[in-house]
Amino acid sequence: MPLLEISHSVKRFKDEAGQSHPVIDIDSFGLEEGEQVALKGPSGCGKTTFLHLISGILAVDEGSIQVADTDLSQLSEAGRDRFRAKNIGYVFQSFHLMRDYTCLENVELGMSFGPGADQKFARSLLERVGLEHRLDYRASALSVGQQQRVALARALANRPKLVLADEPTGSLDEENARVALSLIRELCQENGAALILATHDQRIVESFERQVDFAALNKASAANAGGLAQ
């Protein structure tokens, strides 16, 4: 069984007039354990919505999404939250750090939703991303590049089977983007996690062996172009 298997999955949103439209309509998609894939496509084609469905933040209206042999469509919202905490790491576009918490506290907080805080491992992750001298700095005092590194460490804190990264280099300059991309890929490989990285940057896409054109994968892309999805 693949790590991720998506079958005939549809997600609908309502427009301002109350009409329901499909924003995700995918016949099939799969990912093997440890595999890394670049999900390419312009803003508005539904990449973020797709990642939210895989992570269980959103639920499909039709079809199934199986991660590690668990069908997320059969779980309640609370059940999906629990499953995500234990099995999926997420690097959000805007990082979603607690600004008044330190680097170490942000990573430990992420752990608290899974198996529990492991300060030694949290420290080792922050050291691995080059923040060994910033452990006690509040997130609000960090540069954008440093915040991104904390977000990456937090995403890997519960040793997930799958990491989802949504435009993780979008707010970084070219040099920080290059370093961040290398860290994401290396850390996923070191920790045995598969990776789906969504991006509109063709240079990043070309660095991946497997590349997926999301606008082609998603049959509802025409509707997404109207602004219903992200």
(request) Taking Glu62 as the residue in question, decide whether it is in contact with a strand residue (DSSP E or B) (Cβ under 8 Å, 6 or more places away or on another chain) and exposed (fewer than 15 other Cβ atoms within 10 Å of the Cβ). (result) yes
(request) Scan segment 94-116 for residues that are buried (at least 17 other Cβ atoms within 10 Å of the Cβ) and not in a helix (DSSP H, G or I) and jot them down. (result) Phe95, Leu97, Thr102, Gly114
(message) It is to be established whether one or more residues within segment 93-102 are under 24 Å from Arg185 (Cβ atoms) and touching a Lys or Arg at 6+ places or on another chain (Cβ under 6 Å).
(response) no
(request) Please find, within segment 1-58, the residue that is modelled with the lowest pLDDT out of those that are among the aromatic types (Phe, Trp, Tyr) and farther than 14 Å from Leu164 by Cα. (result) Phe13
(message) Among the residues of segment 165-183, are any touching a Pro at 6+ places or on another chain (Cβ under 8 Å) and outside any loop (DSSP other than H, G, I, E, B)?
(response) yes
(request) Answer with yes or no whether Asp213 is more than 14 Å from the chain's Cα centre (by Cα), loosely packed, with under 15 Cβ neighbours inside 10 Å, within 30 Å of Lys14 (Cβ to Cβ) and not basic (Lys, Arg). (result) yes
(message) Name the single residue that is nearest to Glu167 (Cα to Cα) among those in segment 184-212 being outside any helix (DSSP H, G or I) and polar (S, T, N, Q).
(response) Thr199
(message) Tally up the residues in segment 7-33 that are surrounded by 15 or more Cβ atoms within 10 Å (Cβ to Cβ) and in contact with a Gly (Cβ under 7 Å, 6 or more places away or on another chain), please.
(response) 5
(message) Regarding segment 159-167, can at least one residue be identified that is within 21 Å of Gln119 (Cβ to Cβ) and surrounded by fewer than 23 Cβ atoms within 10 Å (Cβ to Cβ)?
(response) yes
(message) Condition first: of a type in the set (A, V, I, L, M, F, W, C) and out of contact with any strand residue (DSSP E or B) (no Cβ under 9 Å at 6 or more places or on another chain). Now tell me which residues in segment 181-197 satisfy that.
(response) Leu183
(request) Would you mention how many residues in segment 108-163 are on the phi > 0 side of the Ramachandran plot and either under 19 Å from the mean Cα position of the chain (by Cα) or touching a residue at least 12 places away in the same chain (Cβ under 8 Å) (or both)? (result) 2
(message) Here's a check for you: in segment 129-148, which residue that is modelled with pLDDT under 90 and assigned to a helix (DSSP H, G or I) is surrounded by the most Cβ atoms within 10 Å (Cβ to Cβ)?
(response) Gln148
(message) Criterion first (of a type in the set (A, V, I, L, M), in contact with an Asp or Glu (Cβ under 7 Å, 6 or more places away or on another chain) and at pLDDT 90 or above) does Ala78 satisfy it?
(response) no
(message) Name the residue that is nearest to Arg149 (Cα to Cα), counting only residues in segment 76-93 that are of a type outside the set (Phe, Trp, Tyr) and without any contact (Cβ under 8 Å) to a residue 60 or more places away in the chain.
(response) Arg84
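The values are calculated or read from the model by the stated rules, or taken from the named source; none is laboratory data. Quantities reported herein were computed from a predicted structural model and do not represent experimental measurements. With ideal geometry, Cβ positions are generated from the backbone for all residues, glycine too; neighbour counts draw on all protein chains shown.
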